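Note sheet for the following structure.
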Amino acid sequence: MAAAGAGRARRILRWDGCVNVRDLGGLPLERGGETRFGVVVRADSIRTLTDAGWRALADYGVRLAVDLRGDDELEDDPPAGLPIEVVRQPMPGNEVAVVWEWPSMREAYCGLLERYQRELAAAVATIANADATVVIHCQGGRDRTGLACGLMLRLAGAPLEAIAADHALSDEHLAPHIQDWHAEAHTEWERERRRRVTEPAGTTMAEVLADLDARGYLLAGGATTPDLDKLVLRLARE
């Protein structure tokens, strides 16, 4: 079945109450063609949506939300009555906090890939087997969601430059919130830690993926070859 949002050509979405939302369609592929619209949408934590935002999400065709948040991050989820299924593939927030202990974002991303291989593979397999538009999110929608989306885009054949540019949009969209978070730090030491963990990461994401065999990584994490082939067929349009 084609994704409900297929055929749309608007990458940046405006869902009331939620920043950093975009369709993964319209990105170039190394072999020609581009990624399809209406298959995967990446977002920050959709718990921030207003009622109008939830309606916009459903109107876009989203019928499945893949939630990477840990139990410690959960708050109210979709209002009753909307046709949206939620599948949790938690990459726990209290453990992700150890990102702060790594000296660079490159080492942080490599550490997350090592720690959450099974969860990332499961999330990708879930999206591969969906039959409607999927939104994938976590708290912030930058690093955990970014890794999942980067793996999918690399698997589909998107060039590293396109993946880096897409990931960099998260820094742009989240900038006002990140600045507020920096300002809330009580000490300069804490402020520096916050700056380090939110440094621009598009190029870093691409460098990490350049050193990784995305298909081999996902297969080793438990995804199957049919899962990954389905994802490529869903996401890539020649």
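Entry remark, segment 104-144: residues being farther than 21 Å from Leu64 by Cα and hydrophobic (A, V, I, L, M, F, W, C) number 5 in total. Residues that are within 17 Å of Leu235 (Cα to Cα), touching a helix residue (DSSP H, G or I) at 6+ places or on another chain (Cβ under 8 Å) and not charged (D, E, K, R) within segment 159-175 comprise Leu160, Ala162, Ile163, listed in sequence order. On the stretch given as segment 16-72, residues that are among the β-branched types (Val, Ile, Thr), closer than 20 Å to Leu153 by Cβ and in contact with a Leu (Cβ under 8 Å, 6 or more places away or on another chain) total 5.
Scanning segment 112-163 for residues that are within 16 Å of Met91 (Cα to Cα), among the acidic types (Asp, Glu) and assigned to a helix (DSSP H, G or I) gives Glu114, Glu119.
Select from segment 5-19 the residues that are at pLDDT below 90, closer than 20 Å to Glu172 by Cα and buried (at least 17 other Cβ atoms within 10 Å of the Cβ) and list them in ascending order. Matches in segment 5-19: Cys18, Val19.
With respect to the stated conditions, Arg106 fails to be modelled with pLDDT of 95 or more, basic (Lys, Arg) and surrounded by fewer than 17 Cβ atoms within 10 Å (Cβ to Cβ). Looking across segment 58-73, the residues that are in contact (Cβ under 8 Å) with a residue 12 or more places away in the chain and open to solvent by 30 Å² or more (accessible area, probe 1.4 Å) come down to Arg63, Asp71, Asp72.
Would you list the helices (runs of 4 or more DSSP H) that sit entirely within segment 168-238 and hold 1 or more residues that are modelled with pLDDT of 95 or more, open to solvent by 70 Å² or more (accessible area, probe 1.4 Å) and in contact with a Lys or Arg (Cβ under 7 Å, 6 or more places away or on another chain)?
Here the list is empty.
Could you check, for segment 34-57, whether at least one of its residues is out of contact with any Ser or Thr (no Cβ under 6 Å at 6 or more places or on another chain), among the aromatic types (Phe, Trp, Tyr), open to solvent by less than 20 Å² (accessible area, probe 1.4 Å) and assigned to a strand (DSSP E or B)? Within segment 34-57 (the criterion being out of contact with any Ser or Thr (no Cβ under 6 Å at 6 or more places or on another chain), among the aromatic types (Phe, Trp, Tyr), open to solvent by less than 20 Å² (accessible area, probe 1.4 Å) and assigned to a strand (DSSP E or B)), the answer is no, since none of the residues qualifies.
Being open to solvent by 10 Å² or more (accessible area, probe 1.4 Å) and at pLDDT 95 or above is the filter here; which residues of segment 133-156 pass it? Spell out the reasoning first.
So the first thing to find is which residues in segment 133-156 are open to solvent by 10 Å² or more (accessible area, probe 1.4 Å), and the list is 139-140, 142-144, 154-155.
The answer is Arg154, Leu155.
The values are calculated or read from the model by the stated rules, or taken from the named source; none is laboratory data. Worth saying up front: this structure is predicted, and the values here are computed from it rather than measured. Backbone-built Cβ (ideal geometry, glycine too); neighbour counts: all protein chains shown. With ligands, DNA and RNA removed, areas are computed over all heavy atoms of the protein, side chains included. Shrake-Rupley method; radii C 1.70, N 1.55, O 1.52, S 1.80 Å.
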